[in-house]
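What follows is a set of notes on a single structure, which appears directly below.
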Amino acid sequence: MGNQEKKVLIIGVIGADVHAVGNKILYHAFTEAGFEVVNLGVMVSQEEYIAAAIEADADAIVVSSLYGQGELDCRGMRQKCDEAGLKGIPLIVGGNIVIGKQKFSDVEKRFKDMGFDRAFPPGTSPETAIEALRELLGMDGENK
Amino acid sequence: MKNVLLIDFGSTYTKLTAVDITNERILGTASAFTTVETDICEGLTNGLKILEEKIGKTEFFKCYACSSAAGGLRMVTSGLVPELTGEAAKLASLGAGAKAIGIYAFELTEDDVLEIKALSPDIFLLVGGTDGGNRDCILHNAKMLADILPEFPIVIAGNRTAAAEAKRILKNSEVYVCPNVMPKFGVLNIEPTQKQIREIFLNRIIKAKGLSRVSGLLSDILMPTPSAVLKAMELLSNGTKEEKGIGELVGIDVGGATTDIYSVADGMPEQMNTVYKGLPEPYAKRTVEGDIGMRYSVQGIVDSAGFDEISKISGLSKERVSALVEHLKLHKDTVPNGDKELEKLDFALSSCAVREAVRRHAGKISETYTMMGQTFVQEGKNLTHVNQIVVTGGSLIHTKETEKIARFAYFSPDEPESLRPKNANVWVDRSYILAAMGLLSSYYPDAALRIMKKELEFHGDCQ
């Protein structure tokens with residue numbers, strides 16, 4: 001990955017989802033935490049995340065979904081990343097990612113089977129995601 | 001009285017426009033065959049003779065020129081992702097008045113570079129990666145290019161952290177480094193690159209195109225003709241401190257081989273419930289449709305519109321349309337010259353050319369339903385509220401039906417997704433002065449603007 005000082009994240013809300021508030025909060029939280037953040041906003045397709053990640057030489061992709069269709073929207077994303085030369089890029093997903101009340105451990109397992117490195121339930125704080133990113137990107141021991 | 005001579009060296013004609021700056025009026029225009037193969041001075045001398053016959057012997061205290069001779073400014077670009085830096089490179093070169101003869105994305109292959117060597121462009125634009133982003137692609141492409149020992153100048157305008165290394169790799173070539181065309185994701189910065197392209201054109205290309213022999217006559221400015229036309233459109237739209245412009249506009253130039261569309265307009269979404277996707281486009285944007293033209297590219301018009309549509313618009317039978325189109329392909333210098341059938345056919349062909357080229361230039365909107373209700377996704381520019389259309393180019397200014405043809409640029413309820421102008425005034429460049437006024441605008445913007453407002457033939461009642 002790139003040798004720039006800051007780690008680069010691609011963030012956005014996937015599919016036909018227009019929930020913009022959480023996306024803005026994440027943008028500020030990740031930037032504050034010392035990441036270089038490319039924010040694609042709402043209604044982002046898998047291809048758009050991937051194109052941005054290639055061009056910006058991103059270190060991880062963070063997918064948000066709030067409208068319950070996340071599982072459908074995220075299907076095949078890992079395979080597309082592999083195909084596009086982004087083999088092994090950390091993929092993180094979070095929000096209200098499935099319909100109805102389901103045991104989150106089941107949901108998490110399904111997303112991990114789809115190739116996501118981490119999946120977070122509704123109500124996760126940005127700090128938890130930042131911690132997970134630091135861990136995935138081997139940034140432990142950094143102050144910020 | 002201060003007189004200025006403006007010259008447009010075209011691939012078939014040299015066009016001259018004489019302007020009286022003091023009184024802000026056109027003294028006269030003339031055109032003569034261009035003869036780049038033998039001596040470009042010949043076309044100019046003949047043109048000057050014709051001009052003198054029209055307006056008498058005239059002293060010119062300055063002389064400026066633009067050129068699209070010898071194929072124009074031929075460029076090849078390479079970027080990383082086609083929709084991102086690939087698109088930015090294309091926008092940069094088209095906006096600088098170039099003809100994009102090759103557009104590449106991702107890593108260049110051995111076959112690609114052989115193709116590029118054969119194309120032998122006037123300038124190569126090498127980009128890729130946001131600043132601090134991907135370095136591998138642009139460095140790989142620099143190495144691939146270095147292998148073919150390029151004899152053309154290369155402009156590097158990609159990831160700034162890789163620019164110096166790319167320049168080292170290409171140390172045996174003429175290399176210019178510019179700021180990144182896409183420094184951050186979704187941010188375009190194409191002006192510095194365009195400025196560099198014009199400088200190279202000025203210093204290097206004019207020699208190769210046989211124009212240096214006349215450069216003694218030229219005062220100093222020389223730019224590619226489409227770049228001059230774009231400057232004229234920008235001036236006409238934006239105005240100057242002294243003189244108001246006509247506001248946002250769409251420009252149309254249907255030629256024999258290509259169709260150029262210009263827009264000087266913001267075009268961003270107008271409604272809160274519309275989400276914009278893709279790269280933001282430049283305020284002054286030029287696109288070139290290489291497959292849409294009245295003679296050399298007539299097949300492209302037929303392919304996109306179909307015989308049924310051309311037959312419907314022209315009122316000729318499908319069989320007749322087909323036969324006449326075949327004739328045009330064989331005889332590219334055909335002009336209607338009073339022939340009623342050919343006039344009808346040309347009317348239909350140019351109408352279809354305008355509709356297709358503006359359709360490709362304008363943005364698109366699509367409707368989706370989300371949990372939050374109806375939402376729209378817009379890609380490209382929304383031109384629906386642009387209410388000025390400027391028309392130039394031989395095939396449109398030599399017909400009486402120009403205004404009708406221009407209206408084929410309009411939005412159509414049959415294609416609500418295509419964001420074309422809903423209603424517009426039409427300005428016709430009947431005396432063919434736009435490129436000349438673009439040249440003049442570098443020194444006398446107020447005069448150039450007032451002359452355009454006076455000379456362009458106006459149709460319409462839009463406020």
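Note: relative contact order over segment B:37-115, using C-alpha pairs below 8 Å and six or more positions apart, is 26 percent.
Could you give P(r) for segment B:74-203, binned at 10 Å from zero, as whole percent values over all Cα-Cα pairs? Computed distribution, short to long bins: 15, 53, 30, 1.
Is the shape of segment B:90-138 best called rounded, prolate or oblate, per the rule: a/c under 1.5 gives rounded, else a/b larger than b/c gives prolate, else oblate, with a ≥ b ≥ c the square roots of the Cα gyration tensor eigenvalues? Oblate, since a/c reaches 1.5 and b/c is not below a/b.
Find me the longest stretch of chain A that has none of the exposed GluC sites (Glu not before Pro), where exposed means in a DSSP loop (not H, G, I, E or B) with at most 13 other Cβ atoms within 10 Å.
On the way: sites that count: A:5, A:142.
Free of exposed loop sites, the longest segment is A:6-141.
Need one number: the % of Cα-Cα pairs in the protein assembly as shown sitting beyond the 47 Å mark.
On the way: 41131 of 183921 pairs.
The share of Cα pairs beyond 47 Å in the protein assembly as shown comes to 22 percent.
Our note on the geometry: Cα centres of segment B:403-463 and segment B:346-373, 19 Å apart.
Our note on the geometry: Cα centres of segment B:132-177 and segment A:75-132, 38 Å apart.
Over chain B, Cα pairs under 8 Å with separation of 6+ residues give a relative contact order of 13 percent. Which values of log₁₀ I(q)/I(0), to two decimal places, follow from the Debye formula for segment B:1-70 at q = 0.14, 0.15, 0.24, 0.27 Å⁻¹ with a uniform point scatterer at every Cα? The Debye formula, applied to the Cα set alone, gives -0.39, -0.44, -1.00, -1.18. Excluding the site residues themselves, the longest part of chain B lacking any trypsin sites (Lys or Arg not before Pro) in a DSSP loop with at most 11 other Cβ atoms within 10 Å is B:242-399. A simple spin-label model places pseudo-atoms 7 Å from Cα toward Cβ; at residue A:113 and residue A:79 they are separated by 1.5 nm. The GluC sites (Glu not before Pro) found in segment B:265-340 that occupy coil by DSSP, while having at most 14 further C-beta atoms within 10 Å, are B:270. Of the trypsin sites (Lys or Arg not before Pro) in segment A:1-78, the ones in a loop by DSSP (not H, G, I, E or B) with at most 15 other beta carbons within 10 Å are A:6, A:75.
Using helices alone, I'd like the mean residue ellipticity at 222 nm for chain A: each DSSP H run of four-plus residues gives -39500 (n - 2.57), total over residue count, nearest 500.
Details: 6 runs with 56 residues, N = 144.
Taking each H run of at least 4 residues, the total per residue is -11000 deg cm²/dmol.
Between residue B:461 and residue B:49, the distance separating the two model label sites (each 7 Å from Cα on the Cα→Cβ line) works out to 5.0 nm.
Span-like helix criteria (full DSSP H runs; alpha carbon extent of at least 24 Å along the helix axis; mean Kyte-Doolittle hydropathy of at least -1.0) are satisfied in chain B by B:340-361.
Model label points for residue A:31 and residue B:367, set 7 angstrom from Cα along the Cα-to-Cβ axis, are 3.5 nm apart. Relative to the longest principal axis of the Cα atoms of chain A, the long axis of helix A:104-113 makes an angle of roughly 60 degrees.
Mean per-residue shielding of peptide A:44-55 is 5, counting Cβ atoms of other chains within 10 Å of each Cβ.
If you wrap segment B:335-463 in the convex hull of its Cα atoms and look at it from every side, the mean projected area works out to 10.5 nm².
If you keep only loop residues by DSSP, which chymotrypsin sites (Phe, Trp or Tyr not before Pro) in segment B:1-100 have at most 15 other Cβ atoms within 10 Å of their Cβ? Mind showing how you got there, number by number?
Details: sites: B:9, B:13, B:33, B:60, B:61, B:64; in loops: B:60, B:61.
For chymotrypsin sites (Phe, Trp or Tyr not before Pro) across segment B:1-100 that sit outside H, G, I, E and B with at most 15 neighbouring Cβ atoms in 10 Å, the list reads B:61.
What share of Cα pairs, in percent, lie more than 13 angstrom apart in segment B:399-463? Please report the intermediate quantities before stating the final value.
Details: 1438 of 2080 pairs.
Considering segment B:399-463, 69 percent of its Cα-Cα pairs are separated by more than 13 Å.
Here segment B:243-297 was treated as a single set of alpha-carbon atoms; its pair distances binned every 5 Å from 0 give 5, 16, 18, 16, 17, 13, 9, 4, 1 percent. Electrostatic bookkeeping for residue B:140 treats Lys and Arg as +1 and Asp and Glu as -1; over the other residues with beta carbon under 13 Å from its beta carbon, the sum is -4.
Starting from the Cα of residue B:374, move 7 Å in the Cα-to-Cβ direction to define the label point; list residues of segment B:267-284 whose amide nitrogen is under 17 Å from there. The answer is B:270-275, whose backbone nitrogens lie closer than 17 Å to the label point. Using the Cβ of residue B:228 as centre and a radius below 13 Å, the other residues enclosed give a net charge of -1, where K and R count +1 and D and E count -1. If one takes the longest principal axis of the Cα atoms in chain A, at what angle in degrees, from 0 to 90 and to the nearest 10, does the Cα axis of helix A:46-56 lie? Taking Cα atoms only, the helix is inclined about 0 degrees. In chain B, Rg over Rh equals 0.97, where Rg is the alpha-carbon radius of gyration and Rh the Kirkwood radius from pairwise Cα distances. Taking the three principal axes of the alpha carbon atoms in chain A, the coordinate ranges are 41, 32, 26 Å, sorted in descending order. Here the sum of -39500 (n - 2.57) over DSSP H runs of 4 or more residues, divided by the residues of chain B, equals -10500 deg cm²/dmol at 222 nm, to the nearest 500.
Go ahead and run the numbers for FRET between residue A:6 and residue B:24, Cβ-Cβ distance against an R0 of 51 Å, rounding to 0.05. It comes out at approximately 0.40.
If you take every DSSP beta bridge fully contained in the protein assembly as shown, what fraction is antiparallel? Give it as a percent rounded to 5. Show your work: numbers first, answer last.
Values: 39 of 94 bridges.
If we restrict to bridges inside the protein assembly as shown, about 40 percent are antiparallel.
The alpha carbon centroids of segment B:184-200 and segment B:10-35 are separated by 31 Å.
We did not get these values from a lab; they are worked out from the coordinates using the rules stated. All values derive from a computational prediction rather than experimental measurement. A quick note on method: Cβ atoms are made from the backbone with ideal geometry, for glycine too, and the neighbour counts reach across all protein chains shown.
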